[in-house]
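Inspection log for the structure reproduced underneath, given as structure tokens.
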Amino acid sequence: MRKSVLLALALAALGTLLLSLGSAQNKQPIIGLITKTESNPFFVKMKEGAQQAATRLGAKLLSGAGKTDGDNAGQVAALENMVAAGAQTILITPSDSKAIVPAIQKARAAGVMVIALDSPTEPASAVDALFATNNYQAGVLIGQYAKAAMAGKPVKIATLDLFPGQPVGIARHNGFLAGFGVAGITDKTAQQATAPQVVCSQDTFGDQAKGQTAMENCLQKDPGINLVYTINEPAAAGAYQALKAAGKEKDVLIVSVDGGCAGVRNVKAGIIGATSQQYPLKMAELGVEAGVNYAKTGKKVSGYTDTGVTLITDKALPGVNSKDTAFGLANCWGQ
Amino acid sequence: MQPNLGQTQPAGAPPVGRSRETSLKPRPVLEARGLVKTYGHVTALDGTDFELREGEILAVIGDNGAGKSTLIKALSGALIPDKGEIFLDGKPVHFRSPHEARQHGIETVYQDLAVAPAMTITENLFLGREIFRPGFLGRFFRLLDKKKMLEEAVRHMQSLKIGLRSMSQAVEDLSGGQRQGVAVARSAAFARHVVIMDEPTAALGVKEGNMVLELIRRVRERGLPVIIISHNMPHVFEIADRIHIQRLGKRAAVVNPHKISMSDTVAIMTGAMEPKDIPPEALAH
Amino acid sequence: MSEQPSVKTKNLLGRLPSLTVLGPFVALILAIIFFSVQSDRFLSGPNFSLILQQVMVVGVLAIGQTLVILTGGIDLSVGFVMALGTMVMTKFAVELGLPPLLAVLCGVAVTTAFGLLNGLLITRIKLPPFIVTLGTMNIAFALTQIYSKAQTVTGLPDLLLFWGNTFKLGGTVITYGVVLMIVLYLLVWFVLSETAPGRHLYAVGNNPEAARLMGIPTRRVLLLTYTIAGFFYGIAGWLLVSRTSVGDPNAGQTENLETITAVVLGGTSLFGGRGMVLGTLLGAIIVGVFRNGLTLTGVSSVYQVLITGILVILAVTADQLSKRRG
């Protein structure tokens, strides 16, 4: 290589190094947010909340996501890119709670603080902190509500779940049964629990059409089902379709979890009896605040912070705390 | 296009009233003069002449690179020569595609047979040339007249004495020789002037190879002249009426297999022997 | 050329319907018998009507997939293109206020256009179908998310729900959509076996070079196949909207694999040129029967997935064995 070219390259490299040192002095906190997908309104709200908090606190927000629910590779790539881009804190809703752990460990080894939002990792200690809904508690609330609503009538329960092995799905399902009064279940129960009143359990993948099919088949198995637990509000909407086609929509109580605006509207319309509302915006806000704090003071957060869950229903029952759909619509996510 | 079932005029019979001189040489059905084809620096055809006479089986032989396949492609419409002329029944023709050559009544049996293995014999026979139901159903919806196609298929096979129990068998269930029979029958059914066969016995064993040779003879008996490209000298000598030897992009000679030895023919093909050294009685120009 | 003795025995074996045709049918009968024994709520008119309803969207999608696979291709964009079609249909009707029929036509036009796009990329640019449809699948998915802003559309006019209407046959309630599915299958089966374009499609899949040499316009056949498949995805979208009463932007994510499963279970070869479209209907019904039957007998959903996987392996193995015999 010619000497003059070599010299020019050396000067350019030195210049870049000096510049980067300079910019390192000017430390705008860089925070990364990696959600499961770009499109789910839950994560859209989370990103909104993160952006608002970042703007308010003068931080820079990088965002990324997997392509679909369960796309671990996409999240790993986003994680690596953000670490390379200089993010000091990364907030992540893990698609695969186990598979993401090695990538998180690499990031933490490089000094990055990693906070899980909404879903825990396995093991939970793989991240610095978790800001999430207590999904078990979300289930308990609707379980308690259902118990009060059914008021000692004989019940036949159908559970429309997520898919096998998913911690959020298991937590909500078990919480519901525990809240309903089934003995022997705690938030530490690792497997999806069963109970004699549960006559049918099928997976929906959180999808409306699959929820409809699952409900139809459960009704076919036992037409006497009068209480339906659903993993989320799209599955609940599908269940309602099936019940309506069978002429049973007035006789069956559907409960759900999520608190998205569309879901709360369904509560208002009487399609869903009660839903546990969760707060993705709050998760993101707390995450950004923690990230800015770490960048400024070097102090990390740790442990689990419950971002809260509220029971939303228009048919309040004694002994069960709830808020109405007006509150729900004011605090919902999505459109 | 409806298939024919044989001409009424026996091949080679001199018409009444012609002088004895001109009736000695049979008419050329397919003729080419001065064909040239180059690919960049490579000259595949360097002024090739060609003549196929009525009612004959003409074998085209030549070493690799002699221009054998290029010649056949030009005659069957698969490529357009740079220079030269082709005549069919005395009239000049310019084929721009194999389809056009087919429309003029020249059919080709390809080396890999060009059959759809999972489809039946009948379907393969009429592939691309199906018979439709009469009237609106056939014209607009292109509804097939399966009964008629089956009848015709049976008739074709019988006229060529090909024995197959069921026309509804898939072609892939047939033996190699039977499959060749189907491909030959297809060409013979639709050809009006010429049938070209590319290496018809190449993939076959002794017994089936002989069966195919017999089949080719029957095609000739139907009044269709046949061009055969082959590397198999014993088969060539057994079946051909004349042999066109292609060498270095030109027609080196046309010989009579009954009057020349196989080794001499191969020698001309490879250049070991000069065409001028061929004894005159062995020539068949 | 005389008949060889071995051809005679081949004919005898050949008279038995091939394993790939018989296989799915036998599997279905066995499954029905098994579940009837396990649950007394299985063998009934209403339950079968229910299964057919659950199967009708994938069923119609799989018609398009069958046509594509018969030509030796594959279409991964199936469900995502359908979802885009449903968003167009529902949003045009509800938000733009278009007359419902026009909205439906627009939705079907969009899916057909995607089919045309697939066909053009495959025939003009000569890209492999797997790659092309992988790309258009992502494009369709992104367009659906962007256009819908991830919001479900509700409050649909009656025409969009048309195929959910029912009538009574004996004591059983039958959905219009199921009838449409069956009619479409019979129509496509007829065209494939009794018309020249149908046979040309098989020829192109079985030996495209032979088809070309025999004067069949192979590029036109492929282009038409993918375009017509796109049309069927639009119809399936209309059926989905009728069934769920919403326009769901997250629909269609697993349908590409579900249609391929139905096609394979129905005995059509993934290499092209072999198979019957009616087999696909059987394949789709088999999946529906297992899903319904296993729910009725209280078996967890994960076993449905396991059994589907085993059935697919069995189907492909049966196809291979029947070819070796012949």
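The values are calculated or read from the model by the stated rules, or taken from the named source; none is laboratory data. Predicted, not measured: the structure shown is a model, and the values here were computed from it. Note that we place each Cβ from the backbone using ideal geometry, even for glycine, and neighbour counts take in every protein chain shown. Side chains included, ligands, DNA and RNA excluded: accessible areas come from the protein's heavy atoms. Shrake-Rupley method; radii C 1.70, N 1.55, O 1.52, S 1.80 Å.
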Fill in the blank from the handout: Taking a straight Cα-to-Cα line shorter than 18 Å from B:Lys207, and setting aside same-chain aspartates and glutamates fewer than 8 residues away, one finds B:Glu199, B:Glu238, C:Glu3
Fill in the blank from the handout: Mean separation of Cα contacts under 8 Å (at least 6 apart) over the residue count of chain A, i.e. the relative contact order in percent, is 18 percent
Completion exercise
Highest mean packing first, using Cβ neighbours within 10 angstrom, the peptides A:318-326, B:216-224, A:192-200, C:236-244 sort as C:236-244, B:216-224, A:192-200, A:318-326
Practice task
Provide the packing ranking of B:82-88, A:268-274, i.e. peptides ordered by the mean count of other C-beta atoms within 10 Å per residue, highest first.
Solution key: A:268-274, B:82-88
Problem - Equivalent ellipsoid dimensions for the range B:55-126 as semi-axes, Å, which come from the Cα gyration tensor, largest first - result: 25, 17, 13
Exercise for the section: Please give the solvent-accessible surface of B:Lys259 in Å², to the nearest 10, using a probe radius of 1.4 Å with every protein chain present. Expected result: 120 Å²
Exercise for the section: Only Lys, Arg, Asp and Glu count, each charged at its Cβ (+1, +1, -1, -1), so figure out the dipole size of the range A:239-335 about its Cα centre, rounded to 20 debye. Expected result: 80 debye
Fill in the blank from the handout: Percent relative contact order for the range A:117-275, counting Cα pairs under 8 Å at least six residues apart, stands at 22 percent
Practice task
Assuming 0.890 mPa s and 25 °C, estimate D for the range B:168-253 with Stokes-Einstein, Rh taken as the Kirkwood radius over Cα pairs, in µm²/s.
Solution key: 177 µm²/s
Fill in the blank from the handout: Here the whole-number average of other chain Cβ atoms within 10 Å per Cβ of C:190-197 is 5
Fill in the blank from the handout: In whole percent, the Cα-Cα distances of the protein assembly as shown spread across 20 Å bins from 0 upward as 12, 33, 26, 19, 9, 1, 0
Exercise for the section: Could you give me the percent of Cα pairs per 10 Å distance bin for the range A:92-191, shortest bin first, beginning at zero and ending with the bin that holds the maximum distance? Expected result: 15, 39, 25, 14, 5, 1
Practice task
Using a 1.4 angstrom probe on the protein heavy atoms only, line up B:Val36, B:Val255 by accessible area, largest first.
Solution key: B:Val36, B:Val255
Problem - Peptide C:244-256, shielding by other chains (average Cβ, 10 Å cutoff) - result: 4
Practice task
For the range A:220-264, run through the trypsin sites (Lys or Arg not before Pro) and keep only the ones in DSSP coil with at most 11 other Cβ atoms within 10 Å of their Cβ.
Solution key: A:Lys250
Completion exercise
Counting only DSSP beta bridges fully inside the protein assembly as shown, the antiparallel percentage to nearest 5 is 40 percent
Problem - the range B:80-206, relative contact order [Cα under 8 Å, separation at least 6], % - result: 37 percent
Handout entry: Residues A:Glu122 and C:Asp40, FRET efficiency given R0 of 30 Å [Cβ-Cβ distance, rounded to 0.05]
Key = 0.10
Handout entry: Dmax and Rg, reported as Rg then Dmax, of the range C:155-232 (C-alpha, Å)
Key = 18.2, 56
Problem - Solvent-accessible surface (1.4 angstrom probe) belonging to A:Arg172, in square angstrom, nearest 10 - result: 20 Å²
Completion exercise
Going through A:Lys153/A:Lys248; A:Lys67/A:Lys244; A:Lys315/C:Lys149; A:Lys210/A:Lys315; A:Lys67/A:Lys299 one by one, the pairs whose alpha carbons sit over 25 Å apart turn out to be A:Lys67/A:Lys244; A:Lys315/C:Lys149; A:Lys210/A:Lys315; A:Lys67/A:Lys299
Fill in the blank from the handout: Amide H proximity to B:Asp89 below 5 Å, modelled H, separation 5+ or other chain, gives B:Leu30, B:Glu31
Exercise for the section: Show B:Thr108, A:Thr89, C:Thr152 ordered by accessible area, largest first, where the area counts protein heavy atoms only and the probe is 1.4 Å. Expected result: C:Thr152, B:Thr108, A:Thr89
Completion exercise
With a ≥ b ≥ c from the Cα gyration tensor eigenvalues, square-rooted, and the rule rounded for a/c under 1.5, otherwise prolate when a/b > b/c and oblate otherwise, the range C:129-281 is oblate
Exercise for the section: Quickly work out the C:Leu102-to-C:Lys168 label distance, labels modelled 7 Å from Cα along the C-beta direction, and quote it in nm with one decimal. Expected result: 3.9 nm
Exercise for the section: In nm, give the distance between the simple-model label positions of A:Ala73 and B:Met262, each being 7 Å from the Cα along the Cα-to-Cβ direction. Expected result: 6.0 nm
Fill in the blank from the handout: Cα-only Rg/Rh for the range A:20-136 with Kirkwood Rh rounds to 0.96
Practice task
Can you pull the one-decimal nm distance between simple spin-label points at A:Gln197 and B:Asp49, each 7 Å off the Cα toward Cβ?
Solution key: 10.4 nm
Fill in the blank from the handout: Given the candidates B:Pro134, B:Met157, B:Pro98, the one whose Cα lies deepest towards the positive end of the charge dipole of the range B:82-178, counting +1 at each Lys or Arg C-beta and -1 at each Asp or Glu C-beta, is B:Pro134
Handout entry: Unit charges on C-beta of K, R, D, E only; dipole of chain C, Debye
Key = 780 debye
Problem - Straight-distance crosslink candidates among lysines, where the alpha carbon sits under 17 Å from A:Lys296 and sequence neighbours closer than 8 are dropped - result: A:Lys27, A:Lys60
Handout entry: Net charge, B:Ala191 excluded, C-beta distance under 10 Å - Lys, Arg +1, Asp, Glu -1
Key = +3
Problem - the protein assembly as shown - charge dipole about Cα centre, Lys and Arg +1 at Cβ, Asp and Glu -1, debye rounded to 20 - result: 680 debye
Completion exercise
Once amide hydrogens are built 1.01 Å from N within the peptide plane, the residues lying 5 or more places from B:Ile57 or on another chain with amide H under 5 Å from its amide H are B:Val226, B:Asp241, B:Arg242
Exercise for the section: Enumerate the lysines that B:Lys68 could reach by cross-link, defined here as Cα to Cα under 18 Å, with residues fewer than 8 away along the same chain left out. Expected result: B:Lys37, B:Lys83, B:Lys250
Completion exercise
Averaged over the residues of A:36-47, the number of partner chain Cβ atoms within 10 Å of each residue's own Cβ comes to 2
